[in-house]
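Shown next, in structure tokens, is the structure this report addresses.
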There are 2 protein chains.
Amino acid sequence: MAQTGRPRASVDAAVFAATLKTVHEVGYTHATVDRIAAEAGVAKTTVYRRWPTKGALITACLVDTFGPLPLTGTDRADHIASAIRYGAAKIGEPGVAAAFAGVFTDAIGDPVLRDILSTQLQDPYRILLQEALGESEQRVLFFIDVVIGTLLHRMGMTGRPMVDADLDALVEMIQRDFK
Amino acid sequence: MAQTGRPRASVDAAVFAATLKTVHEVGYTHATVDRIAAEAGVAKTTVYRRWPTKGALITACLVDTFGPLPLTGTDRADHIASAIRYGAAKIGEPGVAAAFAGVFTDAIGDPVLRDILSTQLQDPYRILLQEALGESEQRVLFFIDVVIGTLLHRMGMTGRPMVDADLDALVEMIQRDFK
DNA sequence: TAGTATCGATACTAAAAGTATCATAACTCG
DNA sequence: CGAGTTATGATACTTTTAGTATCGATACTA
């Protein structure tokens, strides 16, 4: 498996950081690949060599940002609370909600992107939560719809993350629903 | 108030219908104003005379589509259920979810559009629901976040409206929360 | 019939996604 | 050290689309 030729520069992290920063500053629509590349200090062609479309880039960035779900606590109620608060914290990070909403918009009209989003971003959490909560796929997908949908809607309407009081209410409502 | 000059043609309804049809067929991103205008049988310039941007057009289209909330039933639980099911039915109509998600995306990076969205689309429902449910602004905004956010997330991830079983679960969860 | 405002058509500018090309840089293997 | 290989940055390009400008034609009012 000896590699020949010039090795790929390790710029993924820089590109992802530049993506979130740019999306945060100018929004999804005006976050051009040109600008993201410049912010990351690489050429636009380098970006397109790694991710075929802007939507794929943003999705990969989101997958990278969210990362594995750290389920803390011992019982189901703890797991539900920690999952919700983890999602809220991530969606509250600069650029994440805007990137999420943008890729969502593209996904509705683009089955390929929708599949990437569903498979690469949602499925790992779905599978882990089915295990941890002992719930059916249908129930876990419902859980994810409510949590992520609610948090994104709040960000989209107000431009700000959900305040703690409302986040607490969300946690309690869902805990009661899954009791 | 006597009008002089050629009166405006009454094409709003045709443009809105063409907007939803086009967005449904090709998605928000590829629903060009040119194409919408052609579908409606008017010139692009006529569209831009009425709505300054694509985002404003889509928002106006959504306001027109959603219309006044018909609250049926007698008690709070009925009102909650009817409001949720009304929202679900509207978001399930062809093109509505895609239009909503698209304008949302633009709104996150555009305070002006966000204000239009919040004021023209959300506020009428918020005010009516505060009255009908006897709840605070904060609680009603939370209610709207959960309902619309959940329904849109499902549409975005799957491309299909929420099935009845999940919609029932949503109604019950929120009814319990607001009891 | 004169005045006025909208209409459709056309042409245009500016921005941005994505592609193509190529000289150069960085690595491996012999 | 040199040949082979692959990635990089820079540049140029095509295509699409949002939004603007212009203008003759049209539909109304007074």
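Derivation of every value follows stated rules applied to the coordinates shown; laboratory data play no part. A quick note: this is a predicted structure, and the numbers were derived from the prediction, not measured. Cβ sites come from the backbone with ideal geometry, for glycine too, and all protein chains shown count toward neighbours.
Some points to look at:
- Sum of side-chain charges, residue A:14 neighbourhood, beta-carbon under 11 Å (Lys, Arg +1; Asp, Glu -1): -1
- Remark: for residue pairs A:90/A:179; A:21/B:90; A:54/B:90, the C-alpha separation exceeds 27 Å in A:21/B:90; A:54/B:90.
- Radius 14 Å from Cβ of residue B:131, net charge of other residues (Lys, Arg +1; Asp, Glu -1): 0
- Point-charge dipole on Cβ atoms (K/R +1, D/E -1) for the protein assembly as shown, about Cα centre, debye to 20: 1220
- Within the range B:1-52: Cβ-based charge dipole about Cα centre, in debye rounded to nearest 20 (Lys, Arg +1; Asp, Glu -1): 240
- A straight line joining the Cα centroids of the range B:18-85 and the range A:44-65 runs 31 Å.
- Between A:87, A:109, A:173, the Cα set farthest toward the positive side of the dipole of chain A (charges on each charged residue's Cβ, about the Cα centre) is that of A:109.
- Charging the Cβ of each Asp and Glu at -1 and of each Lys and Arg at +1, and nothing else, the dipole of chain B about its Cα centre rounds to 640 debye.
- Position residue B:46, label points 7 Å along Cα→Cβ, spacing to each other copy in nm (shortest first, one decimal): 5.1
- Taking chain A and dividing mean pair separation by its residue count, relative contact order in percent (alpha carbons under 8 Å, at least six apart): 22
- Nearest-first distances (nm) between copies at residue B:112, label 7 Å from Cα via Cβ: 3.5
- Pairs of Cα atoms in the protein assembly as shown fall into 10 Å distance bins, from 0 up to the last occupied one, in shares of 5, 24, 32, 24, 11, 4, 1, 0, 0 percent.
- Partner chain coverage, peptide B:161-174 - average Cβ within 10 angstrom: 2
- Approximate shape of the range A:1-62 as ellipsoid semi-axes (Cα gyration tensor, √5λ), whole Å, largest first: 23, 11, 10
- For residue B:14, label point 7 Å along C-beta direction: distances to other copies, nm: 5.5
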